[in-house]
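Student: Here's a structure for you.
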Amino acid sequence: MVSRIQINKSTDNYSQQIKQIKDKLNNADAVVIGAGAGLSTSAGFTYSGERFYKHFSDFAEKYGIADMYSGGFMVMRYPPEVFWAYWSRFIPINRYEKAPKTVYDDLLKLVKDKNYFVLTTNVDHQFQMA
């Protein structure tokens, strides 16, 4: 039997939802985890503000880039050395630095004894590090 677990953000009854999730996970033979940008955000990754300016203030000043996400698209229109300078900073801080919060580690604890598969459009290396 296939069950889908989805948190309903429109309700205040989180304890009931947590119980349902726990029951489904305990009874599951296998788990498929679908994850995107929201999971990285919940793990503490930010792509703008202080974290952006710490690493990319020169790009913001010279090229008008306002955040890491849009910067990845904006640098495509510049010469290759600008493109690669941007990505040579982006990759280490978003792929190899451990997330500030334990979301990925906590998720692994929930499924580690199950047959699981992760499908992500996001920072897959965070799953690998966990």
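Student: How much of the accessible area of the stretch 18-130, in percent, comes from carbon and sulfur atoms when a 1.4 Å probe is used? The partial results should precede the final answer.
Tutor: Numbers: 4250 of 7300 Å².
Ligands and nucleic acids excluded, carbon and sulfur give 58 percent.
Student: Taking the convex hull of the alpha carbon atoms in the chain, what volume per residue do you get, in Å³? Walk me through the intermediate numbers first.
Tutor: Numbers: hull volume 17.9 nm³, N = 130.
Convex hull of Cα atoms, per residue: 138 Å³.
Student: To continue, here is another question. Figure the gain on full extension for K24 and K109 (residue separation times 0.36 nm, minus the Cα-Cα span) and round it to one decimal in nm. Intermediate values should be presented prior to the final figure.
Tutor: Numbers: separation 85, 0.36 × 85 = 30.60 nm, distance 1.51 nm.
Separation in residues times 0.36 nm, less the Cα-Cα distance, equals 29.1 nm.
Student: Then there's this: Please say if the stretch 46-98 is rounded, prolate or oblate, where rounded means a/c under 1.5 for a ≥ b ≥ c the square roots of the C-alpha gyration tensor eigenvalues, and otherwise the choice is prolate for a/b larger than b/c and oblate otherwise? Spell out each step's value before the answer.
Tutor: Working: a/c = 1.91, a/b = 1.25, b/c = 1.52.
Oblate is the answer for the stretch 46-98, as a/c is 1.5 or above yet b/c matches or exceeds a/b.
Student: May I ask you to give the solvent-accessible area per residue for the chain, in square angstrom, as obtained with a 1.4 angstrom probe? Don't jump to the answer; show the numbers that get you there.
Tutor: Details: 9090 Å² over 130 residues.
Ligands and nucleic acids excluded, the result is 70 Å² per residue.
Student: Taking the Cα of M129, stepping 7 Å toward and past its beta carbon, and measuring to each backbone N in the stretch 91-120: which are under 12 Å?
Tutor: From the stretch 91-120, the list is 91-105.
Student: Residues of the stretch 40-68 with the amide nitrogen closer than 16 Å to a label point 7 Å from the Cα of A85, along Cα-to-Cβ, please.
Tutor: What the label zone holds, given the 16 Å backbone N cut-off, is 55-66.
The values are calculated or read from the model by the stated rules, or taken from the named source; none is laboratory data. Since the structure is predicted, the reported quantities are computational estimates derived from the model, not experimental observations. All Cβ positions, even for glycine, are placed from backbone atoms using ideal geometry, and neighbour counts span all protein chains on display. Note: areas computed on protein heavy atoms with side chains; ligands, DNA, RNA excluded. Shrake-Rupley method; radii C 1.70, N 1.55, O 1.52, S 1.80 Å.
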